[in-house]
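The structure under discussion appears below in the form of structure tokens.
The values are calculated or read from the model by the stated rules, or taken from the named source; none is laboratory data. Only a predicted model underlies this, so the values are computations on that prediction, with no experimental measurement involved. For neighbour counting, all protein chains shown are included, and Cβ atoms are generated from backbone atoms with ideal geometry for every residue, glycine included. When the accessible area is computed, the model is the full protein with side chains, heavy atoms only, and any ligands, DNA or RNA have been set aside. Shrake-Rupley method; radii C 1.70, N 1.55, O 1.52, S 1.80 Å.
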Amino acid sequence: MATESANGVSSPELNERDVVITTNDNRNFTVKIGVARVSKTINNMIQDLGESLDLSSGIPLPNVDGPIFEKVLEWCEEHKNAPEIKVEQDPHTRERKWFTMTEWEEEYFRKFLSHLWDLAMAANYLEIPSLYYYTCQKLAERIKGRTPEQIREMFGIEDDLTEEEKAEIRRTNVWCTY
Amino acid sequence: MEVTCLCCKKVLKDKAYPVKIPDNNYIRQHWLAVMKMDVKKNINKIDKQNYLCSTHFDEEDILGKTLNETILHYEALPKPLKFKAKKFINEEKVNRIKEQQVKESLLGEEMLPKNGWRQLPSEIKFIILSFLCKNDLEKYQLVSSEWNKIILGSSNTFPLRQVETLYRQGDYCFLTLPGFSKCFKQFKYISTPSSGNII
């Protein structure tokens with residue numbers, strides 16, 4: 001059987017061709033190369049392999065499982081032609097500007113609310129900046145305004161600061177002394 | 001005549017020294033409210049057969065006992081219910097349910113990373129924290145030593161305050177920056193402290 005290979009890595013025709021991606025639970029996903037390339041990790045693999053890329057045998061993703069990759073693919077399909085996101089800071093306050101999400105994106109996160117951590121981990125590994133930053137923003141949204149006690153409960157974090165350390169932090173953060 | 005306790009529904013026998021429920025509607029309302037009973041539903045149902053057991057009152061409020069009644073201090077109020085009565089709300093249970101609901105709304109399965117917070121890549125922790133404002137960041141230094149380290153270690157990137165202290169001496173305001181013990185800059189103090197106007 002003749003092995004199909006990627007010819008001309010940067011050619012637009014290549015984006016329309018299918019590639020098989022294998023997740024760590026041995027599930028195979030047939031994806032358009034143009035969609036898979038939203039992930040910088042996969043894009044780098046495709047570019048590195050160049051001529052030797054075997055489209056039918058697949059690209060292995062040992063750090064992502066099938067159900068999460070399915071969700072990531074949904075994001076990639078929607079964002080395949082989207083421009084790179086810009087991470088901006090307010091020049092005066094130095095606070096990060098929050099991204100404005102589209103209705104589709106809001107709905108996406110509503111749908112996968114219980115998988116935010118997995119999405120963030122997968123987006124980090126697959127280098128999908130839009131999904132990564134947006135997921136982290138969603139997680140920050142859920143943290144915002146909570147008390148330290150609530151945060152500890154949320155994440156199962158142990159309170160390992162001594163009373164002296166806490167007093168020191170409080171003292172440092174009280175800044176208006178007149 | 002056999003009388004029953006409005007509160008615990010016990011039949012009060014001769015030596016039980018029942019307490020007469022006041023006729024005054026205002027005091028009745030208070031009593032019912034204290035006993036956590038539905039005031040609207042019960043206020044007009046009270047009749048000559050409805051009394052209260054003297055055990056619902058503090059001993060200090062009981063001035064004396066006659067053959068038929070217990071005489072109370074004029075400001076006496078029944079004690080809030082402590083016994084288990086099916087028809088009344090079990091406060092402990094309600095509080096437990098409320099706590100559980102708050103906990104669930106706070107936590108949600110999605111907020112607990114599968115392998116725990118410690119196993120998360122520090123890069124993710126950093127990006128999440130980078131979305132928070134300075135007030136939240138300062139507050140979250142108190143979460144744990146790890147959070148404190150991440151926040152302080154990224155003070156160049158995170159929007160932490162540049163001013164550590166601001167104080168007034170005479171006509172001047174002084175500010176210091178983190179890590180500097182001496183006054184960094186001084187301003188002419190113009191307005192009152194409450195307005196906070198400085199030049």
**Message:** Return the residues of region A:146-161 that are open to solvent by 20 Å² or more (accessible area, probe 1.4 Å) and at the interface with chain B (Cβ under 7 Å from one of its Cβ atoms); say none if nothing qualifies.
**Reply:** A:Gln150, A:Arg152, A:Glu153, A:Gly156, A:Ile157, A:Glu158, A:Asp159, A:Asp160
**Prompt:** In region A:149-163, which residues are among the hydrophobic types (A, V, I, L, M, F, W, C) and modelled with pLDDT of 85 or more?
**Reply:** A:Ile151, A:Ile157, A:Leu161
**Asked** Looking at A:Arg142, A:Arg171, which one is of a type in the set (D, E, K, R) and open to solvent by less than 70 Å² (accessible area, probe 1.4 Å)?
**Response** A:Arg142
**Message:** Looking only at region A:121-145, filter to residues that are modelled with pLDDT of 90 or more and outside any helix (DSSP H, G or I); which one of those is farthest from the other protein chains (Cβ to nearest Cβ)?
**Reply:** A:Ile128
**Request:** Go through region A:121-132 and give me each residue that's buried (at least 20 other Cβ atoms within 10 Å of the Cβ) and not polar (S, T, N, Q).
**Result:** A:Met121, A:Ala122, A:Ala123, A:Leu126, A:Ile128, A:Leu131, A:Tyr132
**Request:** Would you be able to say whether some residue in region A:111-120 is surrounded by fewer than 16 Cβ atoms within 10 Å (Cβ to Cβ), assigned to a helix (DSSP H, G or I), facing chain B (nearest Cβ under 9 Å) and at pLDDT below 90?
**Result:** yes
